[in-house]
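The values are calculated or read from the model by the stated rules, or taken from the named source; none is laboratory data. Quantities reported herein were computed from a predicted structural model and do not represent experimental measurements. Methodologically, a virtual Cβ is constructed for each residue, glycine included, from the backbone with ideal geometry; neighbour enumeration extends over all protein chains shown. The accessibility values were calculated without ligands, DNA or RNA, using every heavy atom of the protein model including side chains. Shrake-Rupley method; radii C 1.70, N 1.55, O 1.52, S 1.80 Å.
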Amino acid sequence: MLTYTIKRVLLFIPTIIAVLFITFTLGYLGPGDPIQTQVLRVNPRLADQETIERLREVYGLNRPFLVQWGDWVGKILRGDFGKSFATRTDIGPTIAYRLPISAQLGAAAFVILAIGGIFLGTLAALKQNTWIDHFIVGLALFINSFPIFVLAPLTMIVVVLWLKLLPSTLGWDGIFSAKAILPILLFSVTGWIGPIRLTRNGLIEVLSQDYVRTARAKGLPERLVILRHVVKNGLISTVTSLGLTVSGIVTGSLFLEAAFAIPGYGYMTVQGVTANDYNIIMATTLIGALLVIGSNLITDLLYGVLDPRVRYE
Amino acid sequence: MSESLLQVEELETHLFTKEGVLKPVNGVSFHVDRGETVGLVGESGCGKTMTALSIMGLVPNPPGRIVGGAIQLDGEDLLQLDDRTLRTRRSVQMGMIFQDASTALNPTMRVGDQIAETMQRHMGMNAAEAALHATEILDRVGIPAAEQRLSDYPHQFSGGMRQRVMIAIAICCNPELLIADEPTTALDVTIQAQLLDLIRELKEDVGKSVLWITHDLGVVAELCDRVMVMYAGQVVEEATVEELFLRPRHPYTAGLLDSMPTLEERRQESLKTIEGMPPNMARMPSGCAFHPRCEYASERCVEEMPVLERSGREGLVACWHPLNIEE
């Protein structure tokens with residue numbers, strides 16, 4: 001397990017370098033000139049070639065590509081993400097304030113997504129082809145087929161305006177406030193279909209395996225057969241997929257936070273993109289990518305814990 | 001009847017499928033005496049494995065269900081027991097060795113735990129006692145460095161060693177009856193011979209009864225005292241090994257024996273086979289199920305199903321025109 005872990009972690013390093021490079025290249029080559037955009041926004045009359053050149057120099061954007069990249073990476077390693085063009089404030093502290101909000105939201109959603117998904121998937125597998133199975137899978141699929149930017153206003157209208165079950169849900173009062181309920185639920189329930197389907201299929205496949213018959217032939221009670229022999233083997237693919245839902249949560253937060261006006265990482269990304277705020281776009285892209293890579297690393301390690309055959313390869 | 005360890009009477013296990021009711025076990029009766037090794041022989045799909053699973057109470061449901069008959073083990077009808085009680089009989093009174101150990105062992109569980117959990121369940125051992133006992137059992141089935149190997153996973157064992165682990169699981173609670181479902185089929189011949197030796201040794205040590213399911217008549221000759229031949233869900237012949245090989249009564253048995261290659265045969269001669277295919281379970285022929293493939297078939301065979309009857313001094317056969325009957 002130790003060699004496996006070391007191998008995985010070492011593989012992590014080149015991936016990060018690649019992400020740093022690609023993120024920067026995308027920002028560098030992407031459409032829209034950041035200086036021009038800013039100048040036009042502040043005062044279109046100043047948009048003469050000379051001013052633009054001078055600003056380029058101030059921001060160091062006239063240097064060779066690789067030098068700029070090296071400079072950028074060096075700053076990021078020191079936690080300096082540069083300044084926002086729009087607000088002229090440092091991005092680092094903004095992220096430090098906003099990311100925890102999204103992290104709480106994402107973590108709460110992830111827990112409900114994982115536990116609920118596995119529970120419902122297991123139920124569907126054990127009641128295979130009964131109405132319970134069809135109901136669970138059908139409902140999850142139905143909910144999943146709405147995009148979140150449709151579902152968010154729809155549920156707000158129904159829950160807040162019509163049924164008046166919750167007070168206004170816009171904004172952020174912390175994870176344990178009534179305002180957090182709807183976004184967390186939407187976030188997790190819309191993603192349920194993934195773990196439900198994988199858990200269901202994984203368990204059904206394992207239930208027909210020879211070693212489950214062996215476990216029964218031993219005379220173990222059905223409870224132990226399911227817990228020891230079926231669930232552990234059947235959940236391997238679910239656990240693997242849960243790591244991948246993290247990327248879904250990261251991208252999902254863009255729409256969700258915008259819809260609920262939650263001042264988190266996703267909202268910041270959307271604001272940055274719409275304003276063509278070069279430094280914010282790169283910072284949020286990088287953080288999103290790191291979150292996804294990090295969760296993939298954790299998935300890989302968990303995979304090794306769950307399946308000994310992977311570990312010894 | 002009471003001296004038999006296992007007495008199966010008119011067992012009927014049906015599969016309820018969309019295509020109709022299939023009858024892989026269609027009125028099977030036989031017995032296994034204490035200390036006896038009995039072979040159950042037949043082609044693939046003739047109902048051997050389903051018979052074994054019926055005895056263990058492991059018929060996959062759906063689609064399968066035991067619809068009739070009785071299975072007496074040590075004087076107790078297993079079919080009358082509720083699930084909970086039946087579970088306490090598994091491992092302790094009957095253990096089963098499955099065909100393919102590479103799929104019949106849990107890939108994510110340490111081998112030691114797979115043996116130990118059985119003993120913890122049935123013999124009231126704690127984890128430490130069970131682990132100690134598991135080492136002994138692994139040692140007994142001939143796995144070198146048993147203590148270290150307890151913490152290995154199945155994929156770290158070779159095919160033959162895996163099957164030994166499978167045997168260890170089946171015998172760890174000292175069952176009276178050992179059911180072996182083609183345990184050597186997936187292995188090469190030298191490993192197969194080693195395992196047959198192992199089973200024979202184990203049997204001599206403890207004097208247990210064995211029901212050995214196989215399609216390999218060579219293994220039967222090697223290991224068994226008595227043989228039942230199954231065809232299309234029914235026992236068609238039962239005899240001592242010697243009788244069966246010298247004087248097969250049922251044309252199907254004779255065909256099986258004929259299709260075994262021998263050393264004397266000239267190389268150019270092609271391998272003899274039984275003409276035709278085993279019947280489709282969904283469309284069974286009338287009368288004797290073997291009549292479409294039988295060279296001795298008559299009107300009567302098409303119309304009337306033969307029953308298993310005593311023939312000669314020992315042995316039973318279900319055939320209207322049995323062979324090798326000398327009065």
Check: Would you say B:ARG121 is under 17 Å from A:GLU222 (Cβ atoms), over 22 Å from the mean Cα position of the chain (by Cα), facing chain A (nearest Cβ under 8 Å) and open to solvent by 50 Å² or more (accessible area, probe 1.4 Å)?
Finding: yes
Among A:GLU222, A:GLU205, the single one that is within 13 Å of another protein chain (Cβ to nearest Cβ), under 28 Å from A:LEU297 (Cβ atoms) and without any contact (Cβ under 8 Å) to a residue 40 or more places away in the chain is A:GLU205
Tell me yes or no: at least one residue of region B:62-84 is out of contact with any strand residue (DSSP E or B) (no Cβ under 7 Å at 6 or more places or on another chain) and part of a strand (DSSP E or B). yes
Scanning region B:91-100 residue by residue, those within 9 Å of chain A (Cβ to nearest Cβ) and either open to solvent by 20 Å² or more (accessible area, probe 1.4 Å) or part of a helix (DSSP H, G or I) (or both) turn out to be B:VAL92, B:GLN99, B:ASP100
Within region B:101-113, the residues that are at the interface with chain A (Cβ under 8 Å from one of its Cβ atoms) and either open to solvent by less than 20 Å² (accessible area, probe 1.4 Å) or more than 19 Å from B:THR135 (Cβ to Cβ) (or both) are B:THR103, B:ALA104, B:LEU105, B:ASN106, B:PRO107, B:THR108
Exercise. For region B:240-260, indicate whether the set of residues that are open to solvent by 40 Å² or more (accessible area, probe 1.4 Å), farther than 30 Å from B:THR17 by Cα, at pLDDT below 85 and among the small types (Gly, Ala, Ser) is non-empty.
Key: no
Taking region B:204-257 and the residues there that are among the aromatic types (Phe, Trp, Tyr) and outside any strand (DSSP E or B), the one that is nearest to B:MET284 (Cα to Cα) would be B:TYR252
Checked A:ILE293, A:ILE298, A:ILE280 against criteria (away from chain B (no Cβ under 14 Å), assigned to a helix (DSSP H, G or I) and open to solvent by 30 Å² or more (accessible area, probe 1.4 Å)); the one match is A:ILE298
Of those in region A:251-264 that are assigned to a helix (DSSP H, G or I) and open to solvent by 20 Å² or more (accessible area, probe 1.4 Å), the residue farthest from A:THR155 (Cα to Cα) is A:THR251
Any residue in region B:5-28 that is among the small types (Gly, Ala, Ser), on the phi < 0 side of the Ramachandran plot and open to solvent by 10 Å² or more (accessible area, probe 1.4 Å)? no
Given the conditions (1) of a type in the set (A, V, I, L, M); (2) touching an Asp or Glu at 6+ places or on another chain (Cβ under 7 Å); (3) facing chain A (nearest Cβ under 10 Å), every one holds for B:VAL67 apart from (3)
If we take region A:97-207, then helices (runs of 4 or more DSSP H) inside it with 3 or more residues that are open to solvent by 20 Å² or more (accessible area, probe 1.4 Å) and charged (D, E, K, R) are A:193-207
If you go through B:ILE171, B:ILE115, B:ILE179, B:ILE137, the only one that is within 26 Å of B:LEU11 (Cβ to Cβ) and out of contact with any Lys or Arg (no Cβ under 9 Å at 6 or more places or on another chain) is B:ILE179
